[in-house]
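One structure below.
The values are calculated or read from the model by the stated rules, or taken from the named source; none is laboratory data. Treat the numbers as computed from the prediction; the structure is a model and nothing was measured. As a convention, Cβ positions derive from the backbone with ideal geometry for all residues, glycine included, and neighbour counts pool all protein chains shown.
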Amino acid sequence: MNGELFFYIIPLFLLIVLIIVIRLPDNEDDHDLEEKKPDDKKLPQVPRDAPRHDTIDLTLPTESGTDVEVYYKKDPDSPPAATVAEAKAQEETVVEAEEPAAPAPELPPAAPRSFTDGLEKTRGGFFARLKGIFTASAVTDELIEEMEEILYTADLGVATVTHLMDEVRRNRASLNSGDAVRELLKARIRAILKSVEKPFAVGAARPFVILMVGVNGAGKTTTIGKLAKKFTMQGHGVVMAAGDTFRAAAVEQLAEWGVRAGAEVIRDREGADPASVAFNAVNTAVSGGREIVIVDTAGRLQNRVNLMEELRKVHRVIGKASDGAPHETLLVIDANNGQNAVTQAREFGEAIPITGIIVTKLDGTAKGGSLIGIARELALPVYFAGIGESVEDLRPFDADQFTEALFT
Ligand SMILES: Nc1nc2c(ncn2[C@@H]2O[C@H](COP(=O)(O)OP(=O)(O)OP(=O)(O)O)[C@@H](O)[C@H]2O)c(=O)[nH]1
Ligand SMILES: [Mg+2]
């Protein structure tokens, strides 16, 4: 055995060592070459801290979702392809490196705001006039009539004012001071608002799909951006569908929010079918395991009939992409619209089932009282109230805080 070791194994071992020593410089050269390859191609370098997001362009999708040609720059951390369309998409992945994402414009600084700050203009409007009533020492019939007049100018809507004045007249005997009138009015307004206060909850469905609708300029796109940011901060994966294909700028606006919120944005060319964009966004969320999809829509088309038809189709097609979706269809209302908001809500409600409301721009209007009319007449949950432009200014609607802010 020792003889074998001496004559065969040790010389063999020495021979192997010799071969390795001779080949070593070649290997190093190869290694150098490998390292040089990326430099030779002069690929643009993406900064390590650049915001991470996918930009997905979808071309000529159909309503059924077949024949979808997808070209995208894939996030390296994205999960593997789960569907044929995804696999095809990955084959067609654009190979050139992505330019560093342009930083999204800064948001206004998040000043600590409250409903009291946000409702300053409304308080300065009709509530300032009501203060004269509230400080009266005696309650006369003239005083009650004066109050009724003020309320009618306050964008609450005729039905809501009639309801409130009925309450005042019913309790007339016990109203012996302006302060008592104030307390009664405050209690009734609080009750109306309480009836529509409901915390927004992301349900168990995956993906949980939210469709946003509303007239142009109501604040849909910015509200979607703010919600997306809130959701990603809670750890949810979010996909946004740029369904307002009517204007190229609307798609860009949503894409900027995608960067800010760290959410994926599914987009298509201007004039493309919004239902297809929504369909593809839901599919992307399904295959990528994202929890939430938020679909933006146009607020204006050639006419209102077209808009409603389009929304019906988007709603229907989302349901085809995922059973039971959309799980929330939120109507975004600009508080400046006052009582028109009620008409808008009815029009949208006739086209698709609205499940909740978000009231925006309460900070910029003296018509904040319209929310009371909206609450009473529509009887739909009011999930959020916008009192400014920053993400924090989109507040879960709180009836107590809102009432206190009005009567401060
Ligand atoms: N002050 C204030 N501005 C707001 C609020 N919500 C939205 N905005 C502003 O309202 C403007 C219109 O908002 P968008 O989100 O573009 O409205 P949109 O409904 O998507 O409009 P279209 O795309 O034209 O249908 C933007 O300048 C927003 O910054 C809010 O709560 N307060
Ligand atoms: Mg928009």
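Things to note:
- Only one of the numbered conditions (1) within 15 Å of ligand 1 (Cβ to nearest atom); (2) in a loop (DSSP other than H, G, I, E, B) is violated by ARG290, and that is (1).
- Here ASP363, ASP323 are screened, and the one residue that is farther than 26 Å from ALA275 by Cβ, outside any strand (DSSP E or B) and not basic (Lys, Arg) is ASP363.
- When residues of the range 371-395 are limited to those that are of a type in the set (Val, Ile, Thr) and assigned to a helix (DSSP H, G or I), the one farthest from ligand 1 (Cβ to nearest atom): ILE372
- Filter pass, THR245 being surrounded by 15 or more Cβ atoms within 10 Å (Cβ to Cβ), among the hydroxyl-bearing types (Ser, Thr, Tyr) and over 11 Å from the mean Cα position of the chain (by Cα): yes
- Within the range 121-131, being in contact (Cβ under 8 Å) with a residue 12 or more places away in the chain and surrounded by fewer than 17 Cβ atoms within 10 Å (Cβ to Cβ) holds for LYS121, GLY124, ARG129.
- When the range 194-247 is filtered for residues that are in a loop (DSSP other than H, G, I, E, B), charged (D, E, K, R) and either closer than 27 Å to THR365 by Cβ or within 13 Å of ligand 1 (Cβ to nearest atom) (or both), the ones remaining, listed by number, are LYS198, ASP244, ARG247.
- Screening ALA399 on (1) surrounded by fewer than 17 Cβ atoms within 10 Å (Cβ to Cβ); (2) modelled with pLDDT of 95 or more shows it passes everything except condition (1).
- Residue within the range 293-302 that is in a strand (DSSP E or B), at pLDDT 95 or above, more than 16 Å from ligand 2 (Cβ to nearest atom) and closer than 19 Å to THR223 by Cα present: yes
- Listed by first and then second residue, the pairs with beta-carbon distance under 8 Å, at least 6 apart or on different chains, first residue in the range 276-300 and outside the structural domain of PHE348 (by TED's automatic domain parsing), second within 16 Å of ligand 1 (Cβ to nearest atom), form an empty list.
- Residue in the range 202-215 that is in contact with a helix residue (DSSP H, G or I) (Cβ under 9 Å, 6 or more places away or on another chain) and on the phi > 0 side of the Ramachandran plot present: yes
- Within the range 246-257, residues that are in the same structural domain as ASN216 (by TED's automatic domain parsing) and in contact (Cβ under 8 Å) with a residue 24 or more places away in the chain sit with their Cβ atoms under 8 Å from residues that are within 8 Å of ligand 2 (Cβ to nearest atom) and not in a helix (DSSP H, G or I), at 6+ positions apart or across chains, in these pairs: PHE246/ALA298; ARG247/ALA298; ALA250/ASP244; ALA250/ASP296; ALA250/ALA298; LEU254/ASP244; LEU254/ASP296.
- Any hit, the range 142-149, residues being within 12 Å of ARG182 (Cα to Cα) and at pLDDT 90 or above: yes
- So ALA263, is it buried (at least 17 other Cβ atoms within 10 Å of the Cβ), within 27 Å of LEU394 (Cβ to Cβ) and not basic (Lys, Arg): yes
- Test: residue in the range 328-350 that is surrounded by 23 or more Cβ atoms within 10 Å (Cβ to Cβ), farther than 17 Å from ASN216 by Cα and touching a strand residue (DSSP E or B) at 6+ places or on another chain (Cβ under 7 Å): no
- Any hit, the range 194-205, residues being closer than 20 Å to GLY319 by Cα and within 10 Å of ligand 2 (Cβ to nearest atom): no
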